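A short worksheet on the structure shown next.
Every read-out reported here was derived from the displayed coordinates using simple, explicitly stated rules and does not represent laboratory data. Every value quoted in this text rests on a predicted model; they were computed, and no experiment measured them. Here Cβ is always computed from backbone atoms with ideal geometry, including for glycine, and neighbour counts include all displayed protein chains.
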Amino acid sequence: MKEFEYLMSTRICFGKDIIHKNGNIISKYGRKAFIITGKASSKKNGSLDDVKNMLDKLDICYCIFDEVEENPTLETVERAAAMGKRENVDFIIGIGGGSPIDAAKAIGILINNSSASIDDLFGERQLQALPIIALPTTAGTGTEVTPYAIFTDHRIQTKRNFSQKVFPNIAFLDAKYLVGTPDHITINTAVDALSHLIEGYLSVKSNILSDALAEKGLIIFSECIEALKHRDFQYEIREKLLIASTLAGMVIAQTGTSLPHGMGYALTYFNGIPHGRANGLLLKEYLELSSWMSKVKNILSLLKINNLKEFGEFIYELIGKETSVKEEQIERYTEAMIGNKDKLKNHPVEVSKEDILNMYKNSFNFPV
Ligand code: NAP
Ligand code: FE
């Protein structure tokens, strides 16, 4: 058996009303919290109020930064960090989808290292963040259990992972905050979780533990397929999607992501395609390219899907076709991806420029 190491240091608390029941475990992190969230959803789904009530009960002060946009920019991170420094906060609570929780990780680093700059987030020196509490309200990124954080970097016109490693100290998982999420967000984020399970399972860094998590995640995901097709999200399905997403996060925390994520960043940056959807558009062709046949077979069998053609039909039933991508854009995206060594190295065999170009072309039905 091959050698491996497994690290996932986040304490996970799962269940309905978990903040009411277990919220007091955060009191050891200090007297002043910094809540990082998006513009609207946490106010509507009750998560922000629940956190504020818990902090009041524990007599912990707080301030709020509620301006994190989708695919957060480094400018937003800088602005929030400046506020957190002024307010002298002790720890951070990220509430929302992957965007605010990723932002919370970088903000926690900049506040805790007063002389650190945005460039240091991408530098070689590892920096410690303030304690981070994560309250995910989408079931997709798994960021509540990964050390990663992804930012829009306008200087290099793409999205990129920072080079720091920040596992949240605690992840509170409560599916009640996901009830009522618009269908397109539920579906795009579910497809992100699916792509984490698949890319992690097929990564060169996969190991016996990450595979066990991925296989369980795929089984739970398969139990949500009919609901996803019919856009019928009962509470039990919300919980399953949330757990599948966290399992998928635990997988990529070990394995990293691979070609669909690397290739999808350009689709998000230049075409405005949401992250999960961008991965989903590339997933079938990624499976076609993979030569790890035994694992591709396992993926299909765990999902209870007969073959890759059916897999493609299932994905398109969820996310539909995309028409905004032009053939000339694909040439540029291919050039960028072939320079993305971090993602390429997770693929088990060498990938040529031709492979990437064809994967894009086939995904968007351009002649190869
Ligand atoms: P998101 O960008 O955080 O949020 C997308 C939209 O969903 C926003 O409009 C948000 O509204 C809304 N929303 C969030 N929760 C909701 C709820 N419960 N009900 C209704 N609307 C809700 O989406 P995401 O897909 O979760 O995160 C994507 C980001 O995470 C990308 O930048 C991606 O690259 C990154 N990512 C990170 C990792 C990692 O390991 N760190 C892994 C994969 C992806 P508001 O803005 O009003 O809150
Ligand atoms: Fe992702």
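Odds and ends about this structure:
- Charge dipole magnitude, Cβ of K and R +1, D and E -1 - the range 42-143, Cα centre, debye nearest 20: 180
- Those GluC sites (Glu not before Pro) in the range 85-168 that DSSP places in a loop and that have at most 13 other beta carbons within 10 Å: E124
- Restricting attention to the range 104-219, lysine pairs at least eight places apart or on different chains and with alpha-carbon atoms under 22 angstrom apart total 4.
- Relative contact order for the chain, counting Cα pairs under 8 Å that sit 6 or more residues apart, in percent: 16
- In the range 154-260, taking the dipole from charged Cβ atoms about the Cα centre, the farthest positive-side position among Q157, S210, T257 is held by Q157.
- Antiparallel bridges, percent of DSSP beta bridges restricted to the chain (to nearest 5): 15
- In the elastic network of the chain, a GNM with C-alpha springs shorter than 10 Å, the most mobile of G123, G249, G276 is G123.
- Cα gyration tensor, the range 206-317 - rounded (a/c under 1.5), prolate or oblate: rounded
- Distance between the C-alpha centres of the range 6-39 and the range 314-352: 36 Å, rounded to the whole angstrom.
- Calculated [θ] (222 nm, deg cm²/dmol) that DSSP helices of n ≥ 4 give over the chain, each run adding -39,500 (n - 2.57): -16000 deg cm²/dmol
- Taking the fewest neighbouring Cβ atoms within 10 Å as the starting point, the ordered list for K321, K326, K176 is K321, K326, K176.
- Here the range 203-301 is treated with +1 on each Lys and Arg Cβ and -1 on each Asp and Glu Cβ, and its dipole about the Cα centre works out to around 140 debye.
- Fluctuation leader among M293, M337, M263 - the chain, Gaussian network, Cα springs under 10 angstrom: M293
- Potential lengthening of the chain between S352 and Q126 amounts to 78.1 nm, from the contour at 0.36 nm per residue minus the alpha-carbon distance.
- Within the chain: Cβ-based charge dipole about Cα centre, in debye rounded to nearest 20 (Lys, Arg +1; Asp, Glu -1): 540
- Listed residue (Y201, L130, V351) projecting farthest to the positive dipole end of the chain, Cβ model: L130
- Unit Cα scatterers, Debye sum, the chain: log10 I(q)/I(0) for q = 0.06, 0.09, 0.10 Å⁻¹: -0.21, -0.47, -0.59
- Residue separation of S115 and V368 scaled by 0.36 nm, minus their Cα-Cα distance, works out to 86.0 nm of gained length.
- Angle in degrees between helix 275-289 and the longest Cα principal axis of the chain, rounded to the nearest 10: 30
- Between 0 and 90°, nearest 10: helix 208-222 axis offset from the chain longest Cα axis: 80
- Principal-axis tilt of helix 353-363 within the chain, Cα atoms, nearest 10 degrees: 90
- Taking G38, G108, G46 in turn, the Gaussian network model of the chain (Cα-Cα springs below 10 Å) assigns the largest fluctuation to G46.
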